Amino acid sequence: MTTVDLAPETDKVDLTGRTALVTGAASGIGRACAVAFAAAGARVRAVDLDEAGAAEVAAAIGGEGRGVDLAELDALPVLAADADIIVNNAGFQVVRPVEQFPPETFRRMLAVMVEAPFRLVRGALPGMYERGWGRVVNISSVHGLRASAYKAGYVTAKHALEGFSKVVAVEGGPRGVTSNCINPGYVRTPLVERQIAEQAAAHGIPEDRVIGEVLLARSATKRLIEPAEVAQLAVYLCSPGASFINGASLAVDGAWTAQ
Ligand code: NAD
């Protein structure tokens, strides 16, 4: 396994004066986004179900932490009203064949990964339009573009997020707002570490074989992605150089979806 050591390149982007709301900011990709946006000068609102985790990351970056269950949809528009940047990142995975997939889990996945982004963006757009500038960065997945077995809730939610992102791009483009999806392959985060441990137990094989033979089977680049690599692209999408990137789905997947 090779890993990458990242220089903090995002400190070249200046987001001073912008407010960035990052969901799922207590862990993994969301935490890396909170750190990267703060490093670029943005005021970061770190939102997570894990209130202590959100407070901890907020304290580390000089931001604001909020303990919020994104499935509680009615609270969300106010939370986002003053945001210039929304990073829709919070999500979770449940792996089960369709015929055994719990309907209430399917519904919660759609609430957290589709309807919460809709409510947040809906709440933020009037302010973004007024200021003539806004950035929506949706952390989708290769599973927003491709299916895998046993991930009905997740694949359905991510495909829906792709559609929503494009509508915001089309409506927002003339008014200074862009909306894009980032589509990572497997990223080294607790979400994936849990899957690796479960698969190792299910197949009775060591974890490094799960990574190489199962997770990275379709990736031409044989390593996990680091959360900071995803966060750097999220910050780049909010930089002046990226203002024409709108309605795109950017694969960060080691050529998984190229095949
Ligand atoms: P993670 O489990 O490390 O972090 C997810 C965070 O979201 C957690 O802090 C969790 O508390 C929070 N969260 C979950 N449900 C919530 C809710 N109802 N309300 C508020 N917060 C909630 O996961 P991660 O790997 O960093 O994943 C982040 C995003 O990236 C997800 O949308 C995931 O689908 C996507 N993604 C991850 C990978 C990967 O390989 N890790 C690949 C592609 C896409």
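All told, residue 98 falls short of being more than 11 Å from the ligand (Cβ to nearest atom), surrounded by fewer than 24 Cβ atoms within 10 Å (Cβ to Cβ), over 20 Å from the mean Cα position of the chain (by Cα) and more than 14 Å from residue 156 (Cβ to Cβ). Just one residue in the set 124, 90 is within 19 Å of residue 28 (Cα to Cα) and either within 12 Å of the ligand (Cβ to nearest atom) or in contact (Cβ under 8 Å) with a residue 60 or more places away in the chain (or both); that residue is 90. Scanning region 177-195 for residues that are under 17 Å from residue 208 (Cα atoms), more than 7 Å from the ligand (Cβ to nearest atom) and not acidic (Asp, Glu) yields 188, 194, 195. From the list 121, 136, 167, 142, exactly one residue is touching a strand residue (DSSP E or B) at 6+ places or on another chain (Cβ under 6 Å) and more than 25 Å from residue 44 (Cα to Cα). Which is it? On inspection, the qualifying residue turns out to be 142.
Taking the residues in region 221-238 that are more than 14 Å from the chain's Cα centre (by Cα) and assigned to a loop (DSSP other than H, G, I, E, B) as candidates, determine which candidate is farthest from the ligand (Cβ to nearest atom). So, considering only residues that are more than 14 Å from the chain's Cα centre (by Cα) and assigned to a loop (DSSP other than H, G, I, E, B), the one farthest from the ligand (Cβ to nearest atom) is 238.
Sort out which residues of region 147-158 are crowded, with 17+ Cβ neighbours inside 10 Å and within 12 Å of the ligand (Cβ to nearest atom), and write them in order of number. Listed by number, the residues that qualify are 151, 153, 154, 155, 157, 158. Just one of (1) in contact with a helix residue (DSSP H, G or I) (Cβ under 9 Å, 6 or more places away or on another chain); (2) surrounded by fewer than 23 Cβ atoms within 10 Å (Cβ to Cβ); (3) without any contact (Cβ under 8 Å) to a residue 40 or more places away in the chain fails for residue 34. It is (2).
Yes/no per residue for (1) touching a residue at least 60 places away in the same chain (Cβ under 8 Å); (2) under 29 Å from residue 103 (Cα atoms):
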| site | (1), (2) |
| --- | --- |
| 146 | yes, yes |
| 159 | no, yes |
| 170 | yes, no |
| 173 | yes, no |
| 190 | yes, yes |
| 202 | no, yes |
| 206 | no, no |
| 220 | no, no |
| 224 | yes, no |
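In this structure, residue 14 does satisfy being on the phi < 0 side of the Ramachandran plot, surrounded by fewer than 20 Cβ atoms within 10 Å (Cβ to Cβ) and either more than 12 Å from the chain's Cα centre (by Cα) or modelled with pLDDT of 95 or more (or both).
Listed by first and then second residue, the pairs linking a residue in region 45-74 that is in the same structural domain as residue 117 (by TED's automatic domain parsing) and more than 9 Å from the ligand (Cβ to nearest atom) to a residue that is among the polar types (S, T, N, Q) and outside any helix (DSSP H, G or I), with Cβ atoms under 7 Å apart and 6 or more places separating them unless they lie on different chains, are 45/19. Here is the figure for region 163-191: residues that are buried (at least 19 other Cβ atoms within 10 Å of the Cβ), assigned to a helix (DSSP H, G or I) and of a type outside the set (S, T, N, Q) total 4.
Against the definition (under 15 Å from the mean Cα position of the chain (by Cα) and among the charged types (D, E, K, R)), how does residue 74 come out, yes or no? It is false that residue 74 is under 15 Å from the mean Cα position of the chain (by Cα) and among the charged types (D, E, K, R).
The values are calculated or read from the model by the stated rules, or taken from the named source; none is laboratory data. What you see is a predicted model; the values in this text were computed from it and never measured. In this analysis, Cβ positions are derived from the backbone assuming ideal geometry, glycine residues included, and neighbour counts consider all displayed protein chains.
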